[in-house]
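Bear in mind these aren't lab numbers, they're just calculated from the coordinates by the rules spelled out. Values in this document were obtained by computation on a predicted structure and should not be read as measured data. Note that each Cβ is placed from the backbone with ideal geometry, even for glycine, and that neighbours are counted across all protein chains shown.
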Amino acid sequence: MIKKHLISQFRMQEWDAEDISSTAIFKAFLALNEYRGGNLDSWIIRISKNEALEFLRNQKRRRYCEEKFFEVLKNREDMKEKEEKERLAGKIMDIVKKKSMLNYEIFRLRFRKGMKIEDIARFLNVKEETVYKRVRREIERLRKIMNIY
């Protein structure tokens with residue numbers, strides 16, 4: 001009776017309802033001296049409802065903790081990935097710097113600062129075509145060095 005009530009009212013799994021109803025009956029047995037009369041079924045159902053609510057609160061807390069755990073785990077993985085990308089970007093910038101300071105400055109402004117080619121040309125006082133060609137040539141050179149096609 002209690003199990004069916006819990007399943008219908010709280011929409012919980014059968015095994016959870018069994019656990020809660022067992023706990024409720026046990027608690028009712030322990031608290032028989034506090035029973036003040038009236039309908040015994042209603043009293044036991046009230047205890048089972050309280051147990052079900054406690055179960056659901058704990059389940060919600062557990063889910064929240066699990067979500068936070070996986071969020072922290074994902075953030076750690078994202079941090080590692082970001083660190084790896086930064087390390088690789090640093091190596092690329094070192095390779096570019098060895099070739100030419102102008103290329104390095106163009107790459108820094110383009111890929112680190114996110115500037116447009118027109119803005120870089122204006123900032124460095126060179127032609128847009130020069131900036132575009134240097135970026136393209138340097139990318140080709142990097143592909144050859146890193147064996148990326």
Requested in this report: Let me know the shape class of the range 26-109, please: from the alpha-carbon gyration tensor, a ≥ b ≥ c as square roots of the eigenvalues, rounded when a/c is under 1.5, otherwise prolate if a/b is greater than b/c, or oblate.
Outcome: prolate
Requested in this report: Sticking to Cα atoms, compute the Rg of the range 45-85 to one decimal and its Dmax as the biggest Cα-Cα distance, whole number, in Å.
Outcome: 17.7, 59
Query raised in the report: So what's the range 7-72 giving for Rg/Rh, alpha carbon basis, Kirkwood Rh from the mean inverse pair distance?
Result: 1.12
Requested in this report: Please identify the helices of the chain, taking whole runs of DSSP H, that span at least 20 Å along their own axis as judged from the Cα atoms and have a mean Kyte-Doolittle score of -1.0 or higher.
Outcome: 14-30
**Report entry** Within straight-line cross-link reach of Lys74, lysines at Cα separation under 26 Å, skipping those fewer than 8 residues along the same chain
**Finding:** Lys60, Lys82, Lys85, Lys91
Query raised in the report: Measuring from the lowest to the highest alpha carbon on each principal axis, how far does the range 110-149 reach, largest first, in angstroms?
Result: 33, 19, 12
Query raised in the report: If all Cα-Cα distances of the chain are sorted into 5 Å bins from 0 onward, what percent lands in each bin, rounded to whole numbers?
Result: 2, 8, 12, 10, 8, 6, 5, 4, 4, 4, 4, 5, 6, 7, 6, 5, 4, 2, 1
Requested in this report: Order by neighbour count: Asp41, Asp19, fewest other Cβ atoms within 10 Å first, most last.
Outcome: Asp41, Asp19
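With a sphere of radius 14 Å drawn around the Cβ of Asp119, what net charge do the other residues whose Cβ falls strictly inside it have (Lys, Arg +1; Asp, Glu -1)? Display every interim value, and only then the final one.
Values: positive: Arg108, Arg110, Arg112, Lys113, Lys116, Arg122, Lys127; negative: Glu105, Glu118, Glu128.
Charge balance in the 14 Å sphere: +4.
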